[in-house]
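The values are calculated or read from the model by the stated rules, or taken from the named source; none is laboratory data. Everything numeric here is computed off the predicted structure, so don't read it as measured data. Here the Cβ positions follow ideal geometry from the backbone for every residue, glycine too, while neighbour counts run over all protein chains shown.
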Amino acid sequence: MTWSVFIFFASAAVILWAGGSAAAMFARRKMAIALIAAGILVYSAFIAGFWITLGRPPLRTTGETRLWYSFFMMLSAMLTYIRWGYRWIPAFSLVVATVFICLNLFRPEIHDESLMPALQSWWFIPHVTVYMFSYSLLGCAFILACVSLFRKTDEYLPAADTLVYIGLAFLSLGMLSGSLWAKQAWGDYWTWDPKETWAAATWLSYLLYMHLRQGSALSSVTSAGSEAIARQNSPAIEVASHSNKALHRTLFLLIFSFLLLQMCWWGVNYLPSAQGFSLHTY
């Protein structure tokens, strides 16, 4: 199966995902899940066929990682919809997945069977796929943060927290497997390559978000009485203003962390410091 047939599989998958997203918006839960799952199966059929044709995992180029991100984005959206029932999450996730599909259609790459010796390792597949899955989970958390910011509500933060916790766990596994792979291939666990530096910054940013959210959860119990006293001695608008500022800081940090993640994934390709030096440009 060659790249030339990607447009047909991608179009079929997007149509199914769009139908599932529409069904979710109209509260047709079973139909929504069935259509989204069918789209995922169609999309995965192309990935499997393309893998067989290349004779290697399609994980080497930027376009190939975009292929996996679209797949995992809709998988994460379906899981999020099943768990929390947010009817709009499949539609927003579809927009993200479609953008990356269109990038692959409008900027096709030359795919060949070659694979540099360092990539001919059993670490290659789990390292990249774990990263892509973590990116998709954190992408869903980013969508929840944007909707929360737009609606000025913390209703979706518990779901975003769970996605960040799981996503960061997979991100950590990706970094760990990459370090072990680097030691095996190049003799060092960490070289402060631009990709590694941005990965560390991204990891720390999400860790800070988790710390702030955990601190907020712990303080909410003790602050309940304090807020009651504050309402007696201060105008209600001041208490609400303080709460809104804390919410905005949290949401902006989550959005900022996702932007760091984009630099970690593909932004490093355009950094002058990475040209001719980084092992992670592709």
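The figures follow:
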quantity: Selected residue (only one of E113, E64 is acidic (D, E), without any contact (Cβ under 8 Å) to a residue 60 or more places away in the chain, out of contact with any Cys (no Cβ under 6 Å at 6 or more places or on another chain) and farther than 26 Å from C264 by Cβ); calculated: E113
quantity: Residue under evaluation S21, criteria (1) buried (at least 20 other Cβ atoms within 10 Å of the Cβ); (2) farther than 26 Å from F142 by Cα, criterion not met; calculated: (2)
quantity: Checklist (1) of a type outside the set (D, E); (2) within 25 Å of W3 (Cα to Cα); (3) under 17 Å from the mean Cα position of the chain (by Cα) applied to P117, failing item; calculated: (3)
quantity: Residue that is surrounded by the most Cβ atoms within 10 Å (Cβ to Cβ) [pool: residues in the range 24-44 that are β-branched (V, I, T) and closer than 16 Å to R83 by Cβ]; calculated: I36
quantity: Scan of the range 1-20 for residues that are farther than 16 Å from C102 by Cβ and assigned to a helix (DSSP H, G or I), ordered by number; calculated: S4, V5, L16, G19, G20
quantity: Residue match in the range 117-129 (condition: hydroxyl-bearing (S, T, Y), in contact (Cβ under 8 Å) with a residue 24 or more places away in the chain and within 30 Å of W51 (Cβ to Cβ)); calculated: yes
quantity: Residue in the range 220-241 that is modelled with pLDDT under 85 and not in a helix (DSSP H, G or I) present; calculated: yes
quantity: Pairs with Cβ under 7 Å, 6+ apart, first in the range 197-212 and closer than 18 Å to L247 by Cβ, second modelled with pLDDT under 95 and assigned to a helix (DSSP H, G or I); calculated: L212/T250
quantity: Some residue of the range 43-50 being under 28 Å from A141 (Cβ atoms), among the hydroxyl-bearing types (S, T, Y) and without any contact (Cβ under 8 Å) to a residue 60 or more places away in the chain; calculated: yes
quantity: Within the range 58-85, considering residues that are aromatic (F, W, Y) and closer than 12 Å to Y43 by Cβ, the one surrounded by the most Cβ atoms within 10 Å (Cβ to Cβ); calculated: F71
quantity: Set T53, T80, T62, T98: member being polar (S, T, N, Q) and closer than 24 Å to T162 by Cβ; calculated: T80
